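First comes the structure, then the notes that go with it.
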Amino acid sequence: MADLSPQTSLDLSLLTTESINPATKDLDALPTLEMLTVINREDRKVAEAVEAELPRIAAVVDAAALCLQEGGRLFYTGAGTSGRLGVLDASECPPTFNVPPGLVVGLVAGGDYALRNAVEGVEDQPAAGAADLREHGFTGKDLLIGIAASGRTPYVLGAVEEATRMGAPTAGIACSRGALLSSKVRFPIEVVPGPEVVTGSTRLKAGTATKLVLNMISTGVMVRLGYVYSNLMVNVQPKNEKLVDRAQRIIMAVAGVDRAVAAQALEESGLDVRTATVMAKLGIGKAEAAQRLAFCGGRIREAIG
């Protein structure tokens, strides 16, 4: 594997994420309210930076949706804050969209221990990034999104190189312009909100930018796969009282029925909200509703159209 150590990749002083922000000079000398106002002003730049990358983000959403439709999985990999954000996004997909836990996988350098503790050395090991992919059964059918605010984290680059070797599609999320990561992936995303409020602390603007992009990717993919109808979580898992109530309200809103009809449909469907919604909307049984959904790829809009 190629040498991807920091010494052979980039001069870190040239990275946007390592630059000194003139707008936050003397931050420690400001009164608290003024200090927070400065931070808030810098945070506003994040959404604009994300907006500039929307076409590239859309390309990743479409590629990932196609990958999942064809039986593949979506992987995130990163170190430190970047890795934790990937794991967070992956872990929220099953309860939000009722997808299998292994459909979206988040990997962080140093493993689960690194979610709560700093494990600094592993991020400099490209071989560790490749090994983590193999350990989780990554194949050429899957799609890998490498996350690195600096755009040059060796752990991430090693994983990307391994995925490329397998013939898998790859994407990258960086917060520096002209990132090394971008040159290594098929779908590069560079969200550049500018230097951090506290120099080099990429948990701030870069972290917020990364979270916004990951929100878009996972949500966009699930919408494309039919797990959202209108703006409703129609594949939610009704496993507690609050979620049962939400499921019933979703059925009521889509099908135009009262609470009693929605509750009965939900029970008869085996707590499958999409099936129950089609049942209530069309006045049909579970088997026919399930058949319609299967024919339409699980998309309610088409099943009731």
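The values are calculated or read from the model by the stated rules, or taken from the named source; none is laboratory data. Keep in mind it's a predicted model, so treat the numbers as computed, not measured. Every residue, glycine as well, gets a Cβ built from its backbone with ideal geometry; the counts of neighbours run over all protein chains shown.
Tabulated values for the structure
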item	result
Filtered residue count, the range 117-146, keeping only those that are over 20 Å from the mean Cα position of the chain (by Cα), surrounded by 15 or more Cβ atoms within 10 Å (Cβ to Cβ) and not in a helix (DSSP H, G or I)	2
Members of the range 154-190 that are part of a strand (DSSP E or B) and β-branched (Val, Ile, Thr)	THR170, ILE173, ILE189
When residues of the range 122-159 are limited to those that are among the acidic types (Asp, Glu) and touching a strand residue (DSSP E or B) at 6+ places or on another chain (Cβ under 7 Å), the one nearest to GLY86 (Cα to Cα)	ASP132
Residue match in the range 92-103 (condition: surrounded by 17 or more Cβ atoms within 10 Å (Cβ to Cβ) and over 30 Å from THR275 (Cβ atoms))	no
Filter pass, LEU88 being under 27 Å from SER201 (Cα atoms), at pLDDT 95 or above, assigned to a helix (DSSP H, G or I) and assigned by TED's automatic domain parsing to the domain that holds SER218	yes
Some residue of the range 55-71 being of a type in the set (D, E, K, R) and either over 23 Å from ALA209 (Cα atoms) or without any contact (Cβ under 8 Å) to a residue 40 or more places away in the chain (or both)	yes
Of all residues in the range 162-194 being among the polar types (S, T, N, Q) and over 17 Å from GLU18 (Cα atoms), the one that is surrounded by the fewest Cβ atoms within 10 Å (Cβ to Cβ)	SER183
Qualifying residue in the range 71-78 (condition: under 30 Å from GLY102 (Cα atoms) and more than 17 Å from the chain's Cα centre (by Cα))	yes
Out of ARG165, ARG116, sole residue that is at pLDDT 95 or above, assigned by TED's automatic domain parsing to the domain that holds GLY80 and among the charged types (D, E, K, R)	ARG165
Hits in the range 266-284 - residues which are surrounded by fewer than 17 Cβ atoms within 10 Å (Cβ to Cβ) and assigned to a helix (DSSP H, G or I)	GLU267, GLU268, LEU282
Selected residue (criterion: nearest to ILE20 (Cα to Cα)) from residues of the range 209-229 that are of a type in the set (Ser, Thr, Tyr) and modelled with pLDDT under 95	TYR227
Residue list for the range 178-223, filter: over 20 Å from LEU36 (Cβ atoms), among the β-branched types (Val, Ile, Thr) and in contact (Cβ under 8 Å) with a residue 12 or more places away in the chain	VAL185, ILE189, VAL191, VAL192, THR210, VAL213, ILE217, VAL221
Residues within the range 43-85 that are of a type in the set (S, T, N, Q) and not in a helix (DSSP H, G or I), tallied	1
Where LYS205 falls short, out of the listed (1) in contact with a Ser or Thr (Cβ under 8 Å, 6 or more places away or on another chain); (2) modelled with pLDDT under 95	(1)
Tally of residues being over 16 Å from ASN98 (Cβ atoms) and surrounded by fewer than 20 Cβ atoms within 10 Å (Cβ to Cβ) across the range 240-256	6
Failed criterion for ASP3 (all others in (1) more than 22 Å from GLY207 (Cβ to Cβ); (2) modelled with pLDDT of 90 or more; (3) not in a helix (DSSP H, G or I) hold)	(2)
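For every residue, the table says whether it meets (1) over 23 Å from the mean Cα position of the chain (by Cα); (2) assigned to a helix (DSSP H, G or I).
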{"site": "MET216", "(1), (2)": "no, yes"}
{"site": "VAL221", "(1), (2)": "no, yes"}
{"site": "TYR227", "(1), (2)": "no, no"}
{"site": "VAL236", "(1), (2)": "no, no"}
{"site": "LEU243", "(1), (2)": "no, yes"}
{"site": "ARG246", "(1), (2)": "yes, yes"}
{"site": "VAL254", "(1), (2)": "yes, yes"}
{"site": "GLN264", "(1), (2)": "yes, yes"}
